[in-house]
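Notes follow once the structure below has been shown.
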């Protein structure tokens, strides 16, 4: 694990240095690191949010009033839904897909024509099938709605600041 | 359904192609990122947020497992003790016959713990308190069909084995405490 993290650090330094000369390769290294960083930061923010919402305090109160039986088997989702559903999950999934596409482009760039064709064809197929799934399940409209809501939130904050 | 299958097949095909090329390390990094962001971080966050409930529940589960294990363990010991009791009853231990109680059972369990179990065989018999006061006595008896060795616990006589088998060495009789084999000369004829 530590060796893997050390390699990751070396790759990060290498890809930042060679970003201009070898953009696709560097992006292939950088995107997973960005994804992991985003998920970690979201996790920390979710934990802080949970503490601010008196999550631990409520559990301690339960323990005080009802004893051990009060908290036995009472698991709450807390703020984990920030990562397991919602905008952050979509962002992470989209970034993972972008990372996968970058890897495929890297592969296509340096391989023979037949393999290039197979890889390209399967990539196009996967993109089309993802779009189909999103349309059929109605999630694409949900995504649009979420982005509109976020726009409204950002606009409100901007208006408050300007006023 | 169809688009899901196509997506799965095309992604799998691409992954296999990449895995066999020099870009395998990129795929590993991708897998690491996916696993961390979609499984490890949410799971870790969930554990951190429910740390009190997780601790309490795990303590409960450990206690339940411990109690169950202990129960099964005692059950096994009881079974072995009762089988030993049957064995003794078979060879006429009348002194203990009327004193069957829970304390005696537990004493047997303790005895089981301290000494190794004697070898069990169909051609062996273990006699408790051989030739002692209120113990078991052995006699050679002239029977109608054949001569045999009988146990006498003061109340009942019982045939143990045929005399010819015993003298040929096909059947062995041991003293239970000392594991000493009782020889033919030690057993008198019944008058």
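Quick notes on this one:
- Label-to-label distance, nm, for residues given as residue B:55 and residue A:7 (7 Å Cα→Cβ offset): 3.7
- A Förster radius of 30 Å combined with the Cβ-Cβ distance from residue B:132 to residue B:165 puts the calculated FRET efficiency at roughly 0.70.
- Modelled label positions at residue B:183 and residue B:12, each set 7 Å beyond Cα in the direction of Cβ, lie 8.0 nm from each other.
- Per residue of peptide A:17-26, the mean number of Cβ atoms on other chains within 10 Å of the residue Cβ is 0.
- Förster radius 51 Å - calculated FRET efficiency between residue B:69 and residue A:21, Cβ distance, rounded to 0.05: 0.20
- Distance between the modelled labels on residue A:34 and residue A:117, one decimal in nanometres: 3.3 nm (7 Å Cα→Cβ projection).
- By average C-beta atoms within 10 angstrom, highest first, the peptides B:173-185, B:10-22: B:10-22, B:173-185
- Three-way shape label, the stretch A:1-102, alpha-carbon gyration tensor, a/c 1.5: prolate
- For the stretch B:118-186, the convex hull spanned by the alpha carbon atoms encloses 92 Å³ per residue.
- Fewest-first ranking of B:46, B:189, using other Cβ atoms within 10 Å as the exposure measure: B:189, B:46
- For A:112-124, mean number of other protein chain Cβ atoms within 10 Å: 3
Every number in this text was worked out from the coordinates using simple rules, so none of it is lab data. Source: prediction; values computed, not measured. Every residue, glycine among them, receives a Cβ derived from its backbone with ideal geometry; neighbour counts consider all protein chains shown.
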